[in-house]
Structure formats: C-alpha cells, structure tokens
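Remarks on the structure that follows.
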Amino acid sequence: MNDNSLVTPGERQKRIRDIFVDHRNHQQAIQALNHFYMPVEGGIHSRGSVCALIGPSRTGKSFAANDIVAAHEPRVGQDGIKRPVLLVDCPIEGGPRGILDSIADALELTVSSRMTNANLINVILRELRRAEVEFVIFDEAQELFPEKNKRILAFARGLLRKMLNLNRFNIACIGLPETYSIIAEDPQLLGRGGLEHKHLSPYDWNDEHDRKHFRAMCHKFDLEMPFEKSGFSATDFAYRLFQASGGCIGHLKNYLIDAGNRAIKDGSNQVELRHFADAFDARRRPGEIFNPFRVSQG
C-alpha cells in the first residue's frame, strides 16, 4: 500500500499530471524525427527536404517534437544564440502574417507590426542562416495548409520552398493525416526529398502486438499513480480504458488525471472503475448512452 498520508492533495495531483510513460508510438515518433534531422548518428544533418510526421490527434506527435527540441538546446555563439532545432507552433488563424509572426516568435525576433510581409520574410531567412538552424519543425502543420483558403495555402507552400532554398535544414511538418496529401499536391515540395513521412496510429485492440503494448502502457501508469495498484493492465480493465481512449495516449492520460483527481477527493486507496465511469460521464456526448466503465464486459 502506498503511504500518501504525508503527501498533500495538490502534490498527488501534480504527480499524476506529470507522469510520463514511454511507449511504442513515442519511440517511433522520436526515431522518425531524429531520422528526418540527422539520419546517421554522429554524422551530419540533412538539408533541403520536407518531411512529415502525421497521425490522429493525441497520438504523441507534439510530445516527441518537444523532446527533440530539449535534446538540442540553443547555445551561445559569437554573434548570438544558435538554434540547432527550431520548433514553430503554427497559428490557428492570422493568415500569412500570423504564420510569419509564429516563425519570428520561435526565433525570438522583435518585429514591428509595420514591417511588410516581404521584409519580414527576408529578416526570417537571414536569422535562420545566422542562428545556424539545422532542423525546423512546424507543429500543427495542418493550420499552414487550409484547403478552403487558397491564398493562405499558396503562401505557406511558397514560404516553405523559400526556406528550403537556403539548403541549410530539413523541414518536418507535424499534423493530422490530411497534412501529407496537402503537401504532396505541390509538386515542388514533393520534389524536395520525395516527402519522407511517418504515420502514427492509435493502438488497435484487435492487433495482438498493439494490445500487448497498450496493456504494458496501462501497467506503467498504474505503477506511477500515487495510489495502491489498481490493476489497469488486467484484460477487462485495460479494454475499458481502450474503449474510452480509442487507443490514443493523450485521451488515456486525460481519463487517468480526472479519475485520479476523483479518487483523491473521496479518499480512495485505489483508482476504481467508478472514478473512471464518472470521468467518462463528464465527457460523454449529448445523447450518448454507452459508458465502458459501467457496462458488463462479459
């Protein structure tokens, strides 16, 4: 039994929130991004190509990108900060200027709102060279390529081509599955390396290996939770967690956090099915009846 009597509720909540469990999708995402960046360990970085890491929401793509950035932190050079890996968080809206501002923010450039887009592009290109950027990652890249807005779509494609023309780094676009086809429709971008890509998928309970990996991941979470072990990896419990999460690590973590908070609140020694059931009810769509944590799995 875990002795949590000396741990405050807030500390236990933070422990749950901060749990990181390594898993197959995360490893695959890290391997793909490392390969896009530097295909030979101890060798030189690739340049001039666009690549893609795609998959449904909450499959671990952005988490992997942050890990890559953390592994290649900025350093101080003679003429300023050098940034081996640049992570750009794509804006939801804002058009061409929003895209440029997001890149400028990642480069920590101070830019006047009166500067024209053309001048800002030149400033960004100069800074990419000066900062010796070796790898650029665009997260939520589907926002760069809105199919219904041809103007922004054309601008984003043209901007990526200009950046690749520097021939100093590869660009990785992280996004939803449709990101691949939108990039591939541009023959000039497709020609920059052939669009190497990695597609992450949610875990599939009907696949024996996926099921094994998912149950192992549930077991790791169970070990890290500040409670007595609850048996998350048992076939019945793990299947319920799979049904709720759809096999996506991000959705699974959401349920673990909420159910854990509910267990802390009522002083339980374990995180029980009823805690998950309440967490699922709180997220159930209007009119939806099914709750995997309340029905018999027999």
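If a/c stays under 1.5 just call it rounded; otherwise compare a/b with b/c (prolate if a/b is bigger, oblate if not). Do that for the stretch 58-190, with a ≥ b ≥ c from the square roots of the Cα gyration tensor eigenvalues.
On the way: a/c = 1.65, a/b = 1.20, b/c = 1.38.
In terms of gyration-tensor shape, oblate.
Mind putting a number on the dipole of the chain about its Cα centre? Charges go on the C-beta only, +1 for Lys and Arg and -1 for Asp and Glu, and I need it in Debye to the nearest 20. Could the numbers behind the result be given before it?
Working: 39 positive and 38 negative charges, 119 e Å.
Value, rounded to 20: 580 debye.
Here the dipole of the stretch 203-281 is about 140 debye; that uses its Cα centre as origin and unit charges on the Cβ of Lys and Arg (positive) and Asp and Glu (negative).
Can you figure out the FRET efficiency of His209 with Ile44, using R₀ = 35 Å and their beta-carbon distance, to the nearest 0.05?
Numbers: r = 35 Å, r/R0 = 0.99.
My answer for the efficiency is 0.50.
Using alpha carbons only, how many angstrom separate the centre of the stretch 20-60 from the centre of the stretch 114-166? Using only Cα atoms to place each centre, the spacing works out to 21 Å.
Other residues within the sphere of radius under 12 Å centred on the Cβ of Asn261, judged by their own Cβ, net out at +3 (K and R +1, D and E -1). Shape of the stretch 56-127 from the C-alpha gyration tensor: oblate (a/c of 1.5 or more and a/b not above b/c, with a ≥ b ≥ c the square roots of its eigenvalues).
Between Leu273 and Phe20, the FRET efficiency estimated from the beta carbon spacing at R0 = 30 angstrom works out to 0.75.
A Förster radius of 45 Å, combined with the Cβ-Cβ distance separating Ala154 from Gln31, puts the computed FRET efficiency at roughly 0.85. Pairs of Lys residues in the chain are counted when their Cα atoms are under 22 angstrom apart and they lie 8 or more places apart or on different chains; the count is 19. Ellipticity at 222 nm from helices only: DSSP H runs of n ≥ 4 in the chain, each -39500 (n - 2.57), divided by the residue count, give -14500 deg cm²/dmol.
How big is the dipole moment of the stretch 45-199 about its Cα centre under a simple scheme where the beta carbon of each Lys and Arg is +1, that of each Asp and Glu is -1, and everything else is neutral? Debye, nearest 20, please. Walk me through the numbers before you get to the answer.
Values: 20 positive and 19 negative charges, 102 e Å.
For the stretch 45-199, the charge dipole is close to 500 debye.
Within the chain, antiparallel bridges make up roughly 15 percent of the DSSP beta bridges whose residues both belong there.
No lab work stands behind these numbers, since they all come straight from the coordinates. Only a predicted model underlies this, so the values are computations on that prediction, with no experimental measurement involved. Neighbour counts run over all protein chains shown; Cβ positions are idealised from the backbone, glycine included.
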